[in-house]
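The block underneath contains the structure these notes are about, expressed in structure tokens.
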Amino acid sequence: MSPLLGTNAGPASLTRRILQQGRYETITMLRNGEQLILAIILPLLALLGLVVTPLLDGLGGARVDIATPGILALCAMSTAFTGQGIATGFDRRYGVLRFLSTTPLGRGGLIAGKILAVLVVLFLQVVVVGIIAAFLGWQPHPSGWLPGLAILVLGAAAFTALGLLVAGTVRPEATLAITNLLWILLGALGGIVVPAERLPGLAQAIVHFLPSGALGEALRDAFQYGLVPVPAVVVLLLWTVLAGAAAIRWFKWN
């Protein structure tokens, strides 16, 4: 008799359940045309726009070297905040979250699977954007890759927490509107793509305290100079902790 059919066969481990859920979430995200546009097409268009226009001139580096870290940050926001927030909001509406939270996967496993999916998609985004940017002449600092990727993961954690907070507290239609509106506002004026020096005076005063501005600044310092800006990292940590705690406290599973 096959071991899989024998009496000793037991339920899948929690790790395997999380991996299977993460695989399902990843495939779902990659098959969604709207999410692919948000996660890949729009960031690449923004990269090309910043490279061919003089918006970033005079900031101490080549256009592509300044633009690419911000585009990677935009990818993290697109996938972790907008994409995951919308998907979770509609899963909540249709009872998927409530059902899965009662299975052996559990609520913790479900959230872990979503986080895993975000990281996998983010990795694919980094590969695609990195290849295109390299063809455009991107030359990141050699010692900036390790801190840069670590900061990118931290930024994804902050935006995932924010996305789950929105998705778990308001109606799916409101989640759709809020996440898309914030994507536009933070992308244009939040310091994530365009450095604070190029923003209006009022925006310059506040973007450093936003997760978008902190992530954009931290990635530019890491990939351009190989530095880790401690204040920006602290801001990202605070957003991750506070948004995560709020999501745990107020998230509604149905």
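For region 90-119, which positions are open to solvent by 20 Å² or more (accessible area, probe 1.4 Å) and within 19 Å of the chain's Cα centre (by Cα)?
Once the filter is applied, which keeps residues that are open to solvent by 20 Å² or more (accessible area, probe 1.4 Å) and within 19 Å of the chain's Cα centre (by Cα), region 90-119 yields PHE90, ASP91, ILE111, ALA112, ILE115, LEU116, LEU119.
Of everything in region 125-138, what is open to solvent by less than 30 Å² (accessible area, probe 1.4 Å) and of a type in the set (A, V, I, L, M, F, W, C)? Give them in sequence order.
Let us first name the residues in region 125-138 that are open to solvent by less than 30 Å² (accessible area, probe 1.4 Å), namely 125-126, 129-130, 133, 138.
Within region 125-138, VAL126, VAL129, ALA133, TRP138 qualify.
When you check ALA80 against the structure, is it surrounded by fewer than 22 Cβ atoms within 10 Å (Cβ to Cβ) and of a type in the set (A, V, I, L, M), yes or no?
It is false that ALA80 is surrounded by fewer than 22 Cβ atoms within 10 Å (Cβ to Cβ) and of a type in the set (A, V, I, L, M).
Checking LEU122 against (1) aliphatic (A, V, I, L, M); (2) open to solvent by less than 20 Å² (accessible area, probe 1.4 Å); (3) in contact (Cβ under 8 Å) with a residue 60 or more places away in the chain, only one condition comes out false. Which one?
The one condition LEU122 does not meet is (3).
Just checking, how many residues over region 38-77 are open to solvent by less than 30 Å² (accessible area, probe 1.4 Å) and under 13 Å from the mean Cα position of the chain (by Cα)?
The qualifying residues number 11.
Could you pull out every one of the helices (runs of 4 or more DSSP H) wholly within region 29-119 that has 2 or more residues that are within 20 Å of GLY155 (Cα to Cα), in contact with a Phe, Trp or Tyr (Cβ under 6 Å, 6 or more places away or on another chain) and modelled with pLDDT of 90 or more? Show your work before the answer.
Numbers: elements: 33-36, 42-52, 63-77, 84-93, 96-101.
Output list reads 63-77.
Sort out which residues of region 218-232 are assigned to a helix (DSSP H, G or I) and among the small types (Gly, Ala, Ser), and write them in order of number. So that I can check it myself, show each step before the final result.
The initial filter retains those residues of region 218-232 that are assigned to a helix (DSSP H, G or I), namely 218-225, 230-232.
Across region 218-232, the qualifying residues are ALA218, ALA222, ALA232.
Scan region 177-225 for residues that are aliphatic (A, V, I, L, M), touching a residue at least 24 places away in the same chain (Cβ under 8 Å) and touching a His at 6+ places or on another chain (Cβ under 9 Å) and report the count.
2
GLN35 is checked against (1) under 26 Å from ARG171 (Cα atoms); (2) exposed (fewer than 14 other Cβ atoms within 10 Å of the Cβ) and fails just one. What number does that condition carry?
Every listed condition holds for GLN35 apart from (2).
Consider LEU14 carefully, then state whether it is of a type outside the set (Lys, Arg), open to solvent by 70 Å² or more (accessible area, probe 1.4 Å) and on the phi < 0 side of the Ramachandran plot. Even if it seems obvious, please write down each step before you answer.
Values: of a type outside the set (Lys, Arg): yes; open to solvent by 70 Å² or more (accessible area, probe 1.4 Å): yes; on the phi < 0 side of the Ramachandran plot: yes.
Spelling it out, LEU14 is indeed of a type outside the set (Lys, Arg), open to solvent by 70 Å² or more (accessible area, probe 1.4 Å) and on the phi < 0 side of the Ramachandran plot.
Quick grid of which residues meet (1) within 19 Å of the chain's Cα centre (by Cα); (2) over 27 Å from LYS114 (Cβ atoms); (3) among the small types (Gly, Ala, Ser):
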residue	(1), (2), (3)
ALA156	yes, no, yes
ALA177	yes, no, yes
ASN180	yes, no, no
LEU189	yes, yes, no
PRO200	no, yes, no
GLY213	yes, no, yes
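Is there any pair with a first residue in region 137-157 that is more than 12 Å from GLY226 (Cα to Cα) and of a type in the set (Gly, Ala, Ser) and a second that is open to solvent by less than 60 Å² (accessible area, probe 1.4 Å) and not in a helix (DSSP H, G or I) whose Cβ atoms are under 8 Å apart and which are 6 or more apart or on different chains, and what are they?
Hits for this filter: GLY137/ALA62.
The values are calculated or read from the model by the stated rules, or taken from the named source; none is laboratory data. All of these numbers come straight from a predicted model, not from anything done at the bench. Because the Cβ atoms are built from the backbone with ideal geometry, glycine has one as well, and the counts that use them run over all protein chains shown. For the accessible areas, the whole protein counts, side chains as well, though only heavy atoms, and no ligand, DNA or RNA atoms are used. Shrake-Rupley method; radii C 1.70, N 1.55, O 1.52, S 1.80 Å.
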